[in-house]
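Engineer: Below: one structure in structure tokens.
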Amino acid sequence: MTFEDLVRRAAALVRPGHRAVLGVAGSPGAGKTTLAARLVRELNGGGPAWVAHVPMDGFHLADAELDRLGRRARKGAPDTFDAAGYAALLRRLREEPDGDETVYAPGFERVLEQPLAGAIPVPSTARLVVTEGNYLLLETGAWARVRAQLDEVWFCELDEPERIRRLTARHEEFGKGHEEAVAWVLGTDQRNADLVAGTRARADLVVPASVLPDADARG
């Protein structure tokens with residue numbers, strides 16, 4: 001498997017009269033965002049953008065709501081996202097656009113660690129939407145609605161030591177001290193990673209780390 005194989009496979013999902021949605025799943029730090037971003041750049045090339053990138057992270061619940069629910073210490077767990085809202089957006093994106101309608105998706109600000117409403121425009125000209133996140137293959141609660149909105153789901157697989165190293169580096173980059181970052185990665189993040197690893201068998205394709213040897217800590 002090569003990255004060029006992935007590009008061709010993603011492009012083949014688009015058919016006349018059908019806007020395709022490709023999901024990229026994997027544990028925290030496995031490289032989902034890197035893969036999605038590279039696919040979008042390669043497919044769009046230098047011409048008009050016909051591929052859009054819509055991460056799942058925009059559906060994080062705000063810290064104020066996590067505090068109210070008593071879940072902030074587990075931020076990143078499945079019940080700290082608006083899974084029903086995410087599934088509804090994917091359904092809307094999957095539908096054929098009505099005229100020149102632009103759909104706005106929420107983004108996520110890493111420095112603030114907060115979602116941002118209406119941050120990602122998906123124009124009517126987008127024929128392929130690439131979305132990525134941990135829980136695309138989860139079958140519990142509202143997450144079970146997500147898979148039905150995706151034409152394919154690819155699973156990013158990375159050796160555990162490297163995944164943990166990258167994830168720790170990401171937490172440090174965005175403000176955590178080393179010991180705090182390690183504790184979070186081996187605690188909250190690891191519980192989430194174990195849950196995500198259990199969904200691997202439901203993926204249409206498992207993408208090995210060798211396909212993106214220069215992947216960074218994103219995703």
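Engineer: Restricting to region 171-184, give me the number of residues that are of a type in the set (A, V, I, L, M) and closer than 19 Å to residue 112 by Cα. Outline the logic, then answer.
Structural biologist: Step one: of region 171-184, the residues of a type in the set (A, V, I, L, M) are 181-183.
With closer than 19 Å to residue 112 by Cα added as a condition, the list becomes 181.
Within region 171-184, residues that are of a type in the set (A, V, I, L, M) and closer than 19 Å to residue 112 by Cα number 1.
Engineer: Still on this structure, please answer the following. So, in region 149-195, of the ones that are modelled with pLDDT of 95 or more and not polar (S, T, N, Q), which residue ends up surrounded by the fewest Cβ atoms within 10 Å (Cβ to Cβ)? Outline the logic, then answer.
Structural biologist: Going through region 149-195, the residues modelled with pLDDT of 95 or more turn out to be 149-155.
Among the residues that remain, those that are also not polar (S, T, N, Q) are: 150-155.
Numbers: 150: 22, 151: 19, 152: 16, 153: 21, 154: 26, 155: 24.
The qualifying residue surrounded by the fewest Cβ atoms within 10 Å (Cβ to Cβ) is 152.
Engineer: Within region 97-116, which residues are free of Cβ contacts under 8 Å to residues at least 40 places away in the same chain and assigned to a strand (DSSP E or B)? Can you show your working first?
Structural biologist: Kept after step one, since they are free of Cβ contacts under 8 Å to residues at least 40 places away in the same chain, are these residues of region 97-116: 98-104, 109, 112.
Of everything in region 97-116, those that are free of Cβ contacts under 8 Å to residues at least 40 places away in the same chain and assigned to a strand (DSSP E or B) turn out to be 103, 104, 109.
Engineer: Looking at this structure, is residue 119 assigned to a helix (DSSP H, G or I) and of a type in the set (Gly, Ala, Ser)?
Structural biologist: On the way: assigned to a helix (DSSP H, G or I): no; of a type in the set (Gly, Ala, Ser): yes.
Spelling it out, it is not the case that residue 119 is assigned to a helix (DSSP H, G or I) and of a type in the set (Gly, Ala, Ser).
Engineer: Is there a residue being touching a helix residue (DSSP H, G or I) at 6+ places or on another chain (Cβ under 9 Å) and closer than 21 Å to residue 24 by Cα anywhere in region 93-102? Can you show your working first?
Structural biologist: Of region 93-102, the ones touching a helix residue (DSSP H, G or I) at 6+ places or on another chain (Cβ under 9 Å) are 93-94.
Then keep just the ones that are closer than 21 Å to residue 24 by Cα; that gives 93-94.
There is at least one residue in region 93-102 that is touching a helix residue (DSSP H, G or I) at 6+ places or on another chain (Cβ under 9 Å) and closer than 21 Å to residue 24 by Cα.
Engineer: Still on this structure, I have one more. Quick one: in region 1-39, of everything that is crowded, with 17+ Cβ neighbours inside 10 Å and polar (S, T, N, Q), which residue is farthest from residue 97 (Cα to Cα)?
Structural biologist: Filtering region 1-39 for residues that are crowded, with 17+ Cβ neighbours inside 10 Å and polar (S, T, N, Q), the one farthest from residue 97 (Cα to Cα) comes out as 27.
Engineer: Wholly within region 129-219, which helices (runs of 4 or more DSSP H) include no fewer than the required count, namely at least 2 residues that are closer than 20 Å to residue 35 by Cα?
Structural biologist: 160-173, 190-197
Yes or no, residue by residue, for (1) in contact with a strand residue (DSSP E or B) (Cβ under 9 Å, 6 or more places away or on another chain); (2) closer than 25 Å to residue 2 by Cα:
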| site | (1), (2) |
| --- | --- |
| 111 | no, no |
| 118 | yes, no |
| 127 | yes, yes |
| 132 | yes, yes |
| 152 | yes, yes |
| 160 | no, yes |
| 170 | no, no |
| 190 | no, no |
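Engineer: In addition: Out of all the residues in region 28-72, which are part of a loop (DSSP other than H, G, I, E, B) and β-branched (Val, Ile, Thr)?
Structural biologist: First, the residues of region 28-72 that are part of a loop (DSSP other than H, G, I, E, B): 28-31, 45-50, 54-55, 61-62, 70-71.
54, the sole residue that qualifies.
Engineer: Quick test of your reading of the structure: residue 50 fulfils all but one of (1) under 15 Å from residue 19 (Cα atoms); (2) out of contact with any helix residue (DSSP H, G or I) (no Cβ under 9 Å at 6 or more places or on another chain). Name the failing condition by number.
Structural biologist: For residue 50, the failing item is (2).
Engineer: Residues being at pLDDT 85 or above and in contact with a Ser or Thr (Cβ under 7 Å, 6 or more places away or on another chain): count how many of those fall in region 200-219.
Structural biologist: 0
Engineer: Please give the number of the condition residue 45 fails out of (1) surrounded by 12 or more Cβ atoms within 10 Å (Cβ to Cβ); (2) farther than 17 Å from residue 204 by Cβ; (3) free of Cβ contacts under 8 Å to residues at least 60 places away in the same chain.
Structural biologist: (1)
Engineer: Filtering region 96-106 down to residues that are at pLDDT below 85 and acidic (Asp, Glu), which residue is nearest to the chain's Cα centre (by Cα)?
Structural biologist: Per the criteria, the residue is 96.
Engineer: Something else: Please specify each residue of region 56-87 satisfying the condition of being without any contact (Cβ under 8 Å) to a residue 40 or more places away in the chain and surrounded by fewer than 17 Cβ atoms within 10 Å (Cβ to Cβ).
Structural biologist: 64, 65, 67, 68, 69, 70, 71, 72, 85
Engineer: What tally of residues in region 27-42 results from selecting those that are among the basic types (Lys, Arg) and without any contact (Cβ under 8 Å) to a residue 60 or more places away in the chain?
Structural biologist: Residues of region 27-42 that are among the basic types (Lys, Arg), as a first pass: 32, 38, 41.
With without any contact (Cβ under 8 Å) to a residue 60 or more places away in the chain added as a condition, the list becomes 41.
So the answer is 1.
The values are calculated or read from the model by the stated rules, or taken from the named source; none is laboratory data. Because the structure is predicted, anything quoted here is derived from the model rather than measured. Counting neighbours? That spans all protein chains shown, and the Cβs are built from the backbone with ideal geometry, glycine included.
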